[in-house]
Amino acid sequence: MSRKNSKGVSKLVSFIKYTFLIILSFVSIFPFIWMIIATTNKSVDVTRGTLIPGSYFFDNLKNLLASDLKYTVAFKNSLIIAVITTALAMLVSSLAGYAFEIYKTKTRDKIFNFILLSMMVPFAALIVPLFRLFSKMNNIPGLKGISLNTHGAVIIISVATAFLIFFFRQNTKTFPKDLMEAARIDGLGELAIFFRIYMPTMKSTYAAATIVTFMASWNSYLWPLIVLQSPDKRTLPLVISALGSSYTPDYGMIMTAVVIATLPTALIFFLMQKHFVAGMTGSIKG
C-alpha cells in the first residue's frame, strides 16, 4: 500500500472514530441539556418535550422556594449530613484501611474478610434490624443524637463502610514504607505518621474517596426516608420525590429543584477531578 493510500485510510479511521465519539458524547450529555432547558419552561412545555429555552426560570425558582416542602431547609440538611458524613468517613475508614495494611496480626485477614462479606448483604435486608436498633437509642442516655428522626442516625451508618475500608487498604499497598520507617527513626509516633505523612501523600486516594462518599450521602434516599420522620429533617431526595408525587406535579419546578440539587456534587467533582483518576487507579502521585 502506497504512503498516499495509507494516509487516506488513517484519515478515514480518524473521521469515523471522532464522529462516533461526538455522537456518543451528545447522547450522554443530552439529558442534562434537556434538564437545564426544562427549568426555563412551564410544566406543560416540559411535558411536550420542548427543546427551546423559555423565560420561566425565575417563576419556577420562586414557586420552588415558596412551596410547603421547605426546599431550602432540605438543602441545608443534605449539606450538613453530606459534609459531616464525608469528613468522618475519610478519617475513620482511612484509619481502618491503613491499620489493616500496615499492622500485621494473626486475625487481621479473617476480620477483613468478614468485613468484605458484609458487602454481599443487600441494604434492604438490614433496614428492619437497623430501625429496631435506632428506635431504642432514645432510651439510652447520651445516644439520643443518633436515634430515630435525627441526622446522626443517617450519618453514623456511613462513617465506616466495607467499600471505603477496602478502597483505602488497597491504595495503602502503594504507600512507600520507607517514608514510614524514616519517620519512626526520626521519633514520630504512629498517629503523627498517619496525619503528617500518610494523609498528605495519599491525597489522590482521599480525593477519589471524598467524591464517592459525598455523592452517595447527597443522593441517599431509602434510609433517610425511613429514619427522618419530621418535615424539618428531610433531605433533598425526599423533597424532590415529594414534588413529583403530587396530584398535578409542576415539572418546571421539579427540574429546577433537580438542577440546584446537582450543583454541589458537580462542584465537588470538578474541584477534585485532577486527583480522581489517580486515586481510583491506586496512584499516590499528584
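Any idea which of 226, 268 is in a helix (DSSP H, G or I) and modelled with pLDDT of 90 or more?
226
Do the conditions hold for residue 130, that is, is it farther than 28 Å from residue 203 by Cα, of a type in the set (A, V, I, L, M) and modelled with pLDDT of 85 or more? Give the derivation first.
On the way: farther than 28 Å from residue 203 by Cα: yes; of a type in the set (A, V, I, L, M): yes; modelled with pLDDT of 85 or more: yes.
When the stated conditions are applied, residue 130 passes them.
Any idea which of 140, 80, 84, 157 is over 26 Å from residue 236 (Cα atoms) and β-branched (Val, Ile, Thr)?
Result of the check over 140, 80, 84, 157: 140.
How many of the residues in the range 238-256 are in contact with a helix residue (DSSP H, G or I) (Cβ under 7 Å, 6 or more places away or on another chain) and either under 26 Å from residue 152 (Cβ atoms) or assigned to a loop (DSSP other than H, G, I, E, B) (or both)?
5
Being surrounded by 14 or more Cβ atoms within 10 Å (Cβ to Cβ) and modelled with pLDDT under 90 is the requirement here; does residue 201 meet it?
Against the criterion (surrounded by 14 or more Cβ atoms within 10 Å (Cβ to Cβ) and modelled with pLDDT under 90), residue 201 qualifies.
Looking at (1) in a loop (DSSP other than H, G, I, E, B); (2) modelled with pLDDT of 90 or more; (3) among the β-branched types (Val, Ile, Thr), which is the only condition residue 105 fails?
Failed condition: (2).
Looking only at the range 47-67, decide whether some residue is surrounded by 15 or more Cβ atoms within 10 Å (Cβ to Cβ), of a type in the set (Val, Ile, Thr), touching a residue at least 24 places away in the same chain (Cβ under 8 Å) and assigned to a helix (DSSP H, G or I).
no
Just the residues that are among the hydroxyl-bearing types (Ser, Thr, Tyr) and under 24 Å from the mean Cα position of the chain (by Cα), please, taken from the range 84-120.
85, 86, 93, 94, 98, 118
Starting from residues that are free of Cβ contacts under 8 Å to residues at least 60 places away in the same chain and not in a helix (DSSP H, G or I), keep the ones in the range 108-155 and report whichever is least open to solvent (accessible area, probe 1.4 Å).
147
How many residues are farther than 17 Å from residue 96 by Cα, among the charged types (D, E, K, R) and either in contact (Cβ under 8 Å) with a residue 24 or more places away in the chain or in a helix (DSSP H, G or I) (or both) if we restrict to the range 178-195?
Of the residues in that region, 3 qualify.
The values are calculated or read from the model by the stated rules, or taken from the named source; none is laboratory data. Here the structure is a predicted model, which means the values were calculated and not measured. A quick note on method: Cβ atoms are made from the backbone with ideal geometry, for glycine too, and the neighbour counts reach across all protein chains shown. Accessible surface areas use protein heavy atoms only, side chains included; no ligands, DNA or RNA. Shrake-Rupley method; radii C 1.70, N 1.55, O 1.52, S 1.80 Å.
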